[in-house]
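*Asks:* Would you mind keeping the following structure in view while I ask a few things?
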Amino acid sequence: MPLLIAIATGIAAAVLLLWPQGRPTGTAEFWSALIGAPLIACAVAFGLSIGRWEDAQTNAEEEELEQQRLGELWRGWSRRHVRVAEVAAFLPITESIGSLADAKFHLPTARGRVIGFDWAKGRSDVFRRIKLLERVAMRFADALSSQQEVIVTLMLDDASLQKADVWIKRAGHILRRAVPGVTFEVQARPAKGGAQWLAEQVDVIGTATQLVVAAQVWSERETDQKFSEGAAAFLIEPDARQVGAIYRPMITTPDALDAALAQMMRMQIGPNRLKQIWSTGCEDGAAAIRSALTADPKDSVTERLLDGFLGIPGPASGWIAMSVALEAMRGDGPQMVAWREAASEPLHLCMVLPAHHQEGTTV
């Protein structure tokens, strides 16, 4: 308005100054020039302004829509996950896995100690390998019986990986004996690098059923007993109604932790409230996560430090933590799992959600 008033005033003044001397000013021609010229100038100026405003508004709306589109694409990318049809954790303690979710659950501290499988005390690594694979086969036999072909991936500690051929041969034999008629393709890889492997799997488009068995077991040499024993198994079926889901993991450093957590909370679980944090090998990292996520001290996220229950972590401890989070909290969630594969390495974060949190959710 100030600009239009200035234009109108300027045009009117110009008409008065340029009106020929001696010509009458009481005519319709004079008043038409005095009033019409400012109106025409204001109309032209207003038209140009409204055109620029409309262009800017259109550009802003298109930019907002593009940002929304990119946000949805980013959210969809972040929410890609593997569907877990069945899960099992094999721990070196005799307490039920469900009891680990109880905030009042306490054990005599095992932090700084190595704990072995109770059922394998004093037995050879051959016995450990066979019995562990048999327990996996028994646990998953019913779920595997409906399959035609299953890819089995053994995630092994370094000492076990040196005998990968023996593990592969034994696993294939035990699974085929437990579930006849199913074709098993067995392969082995290091248990370390679980976050990178999962990040690759969530982007794989296919229908292959996978059985992932992650294990850290002792050999007969006492020098190899650097970690507590444990194992985890996941049956991944792309189209199955799942027990839960393992979302795209994130690897972050302490200085980027707040941004990484904000992105995971916004993109992966949205308005849902985080139920618990399960951590292993990163007590300081778990404390930092709890602190970053706690806006109200009276409404803090429950933190479960698995090293206090399970002892010194090993290369498969991240897998074990994910299996505990899924198995202990069936029907509840979401849960966050945090682990480090070595004290100096980045922090690995992964969100796991039970099945009922997946239903009706666009992924």
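The values are calculated or read from the model by the stated rules, or taken from the named source; none is laboratory data. The structure displayed is predicted, hence computed values, not measured ones. So basically every Cβ, Gly included, is an ideal-geometry build from the backbone, and we count neighbours across all protein chains shown.
*Asks:* Does the range 204-226 contain any residue that is part of a loop (DSSP other than H, G, I, E, B), within 24 Å of Trp77 (Cα to Cα) and either touching a strand residue (DSSP E or B) at 6+ places or on another chain (Cβ under 6 Å) or at pLDDT 85 or above (or both)?
*Replies:* yes
*Asks:* Look at the range 223-232 and say how many of its residues are buried (at least 19 other Cβ atoms within 10 Å of the Cβ) and not hydroxyl-bearing (Ser, Thr, Tyr).
*Replies:* Result for the range 223-232: 5.
*Asks:* Can I ask one more? Criterion first (surrounded by 17 or more Cβ atoms within 10 Å (Cβ to Cβ) and either in contact with a Cys (Cβ under 6 Å, 6 or more places away or on another chain) or more than 18 Å from Ala338 (Cα to Cα) (or both)) does Thr209 satisfy it?
*Replies:* The answer is yes for Thr209.
*Asks:* Here's a follow-up. Does any residue of the range 118-138 turn out to be within 28 Å of the chain's Cα centre (by Cα) and surrounded by 13 or more Cβ atoms within 10 Å (Cβ to Cβ)?
*Replies:* Yes.
*Asks:* Looking at Gly318, Gly331, Gly311, which one is at positive phi and modelled with pLDDT of 80 or more? Lay out the reasoning, then the answer.
*Replies:* Values: Gly318 fails: at positive phi; Gly331 fails: modelled with pLDDT of 80 or more.
Gly311 is the lone residue from the list that is at positive phi and modelled with pLDDT of 80 or more.
*Asks:* For residues in the range 104-121 being in a loop (DSSP other than H, G, I, E, B) and at pLDDT 85 or above, which is farthest from Thr280 (Cα to Cα)?
*Replies:* Lys121
*Asks:* Still on this structure, I have one more. Only one of Ala188, Ala231 is closer than 21 Å to Ala120 by Cα, under 30 Å from the mean Cα position of the chain (by Cα) and modelled with pLDDT of 95 or more; which?
*Replies:* From the options Ala188, Ala231, the qualifying one is Ala231.
Residue by residue, here is whether (1) outside any strand (DSSP E or B); (2) surrounded by fewer than 20 Cβ atoms within 10 Å (Cβ to Cβ) holds:
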| position | (1), (2) |
| --- | --- |
| Asp165 | yes, yes |
| Lys169 | yes, yes |
| Gly172 | yes, yes |
| Gln187 | no, yes |
| Leu198 | yes, no |
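Let's see how each residue does on (1) surrounded by fewer than 17 Cβ atoms within 10 Å (Cβ to Cβ); (2) more than 30 Å from Phe117 (Cβ to Cβ); (3) touching a residue at least 40 places away in the same chain (Cβ under 8 Å):
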residue	(1), (2), (3)
Phe234	no, no, yes
Pro254	yes, yes, yes
Ala260	no, yes, yes
Gly270	yes, yes, no
Gln276	no, no, yes
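*Asks:* Okay, next question. Give me the pairs: first residue in the range 88-100 and in the same structural domain as Val114 (by TED's automatic domain parsing), second residue surrounded by 13 or more Cβ atoms within 10 Å (Cβ to Cβ) and charged (D, E, K, R), beta-carbon distance under 7 Å, and six or more apart or on different chains, which are they?
*Replies:* Ala88/Arg139; Ala88/Glu327; Ala89/Glu327; Phe90/Arg135; Pro92/Glu229; Ile97/Glu327; Leu100/Arg304
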